[in-house]
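What follows is one structure encoded as structure tokens, with my remarks underneath.
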Amino acid sequence: QVQLEESGGGWVQPGGSLRLSCAASGIIFSMYSLVWYRQAPGKQRELVAIITSGGGTNYADSVKGRFTISRSNARNTVYLQMNSLKSEDTAVYYCNANYYSDDGRLMGQYWGQGSQVTVSS
């Protein structure tokens, strides 16, 4: 059974920091690309950051320079370090794992349950 278990969310004041973690089980973690998404109330889910199986990263423009995605294949965990948080970062954050075949087909996809991040004074 595949599980993605998120932790690290909570409340923080503007300008503060939080680190989200997503621990995976039941998959060959190193073969998966990992993505953090977020969804604010009344808005569509949006991609925040991605790290490929090879370690390449990309970020939404709104979080570049403030958020850092990283992974530990030894711990089967992906992280999202969030600094200089703003009220507009308030959302439920979801981790997502994707496995692609050599020819680019999506062969497996899994989601975490979501973790609330609230940025407010």
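The values are calculated or read from the model by the stated rules, or taken from the named source; none is laboratory data. Here the structure is a predicted model, which means the values were calculated and not measured. Note that we place each Cβ from the backbone using ideal geometry, even for glycine, and neighbour counts take in every protein chain shown. Only protein heavy atoms, including side chains, enter the accessible area calculation; ligands, DNA and RNA are left aside. Shrake-Rupley method; radii C 1.70, N 1.55, O 1.52, S 1.80 Å.
Here, the chain yields an orientationally averaged convex hull projection of 7.4 nm² when only Cα atoms define the hull. In the context of the full set of protein chains, the chain has a per residue accessible area of 54 Å² (1.4 Å probe). Residue ranges 8-19, 67-78 sort as 67-78, 8-19 when ordered by packing (mean number of other C-beta atoms within 10 Å per residue, highest first). For Q39 and T52, calculate 0.36 nm times their separation in residues minus their Cα-Cα distance, and state this gained length in nm to one decimal. Between Q39 and T52, full extension yields an extra 2.5 nm. Of the listed residues D102, D61, D89, the order by accessible area with a 1.4 Å probe, largest first, is D102, D61, D89.
Between T118 and R105, the modelled label-to-label distance comes to 4.5 nm, taking each label 7 Å out from Cα in the direction of the beta carbon.
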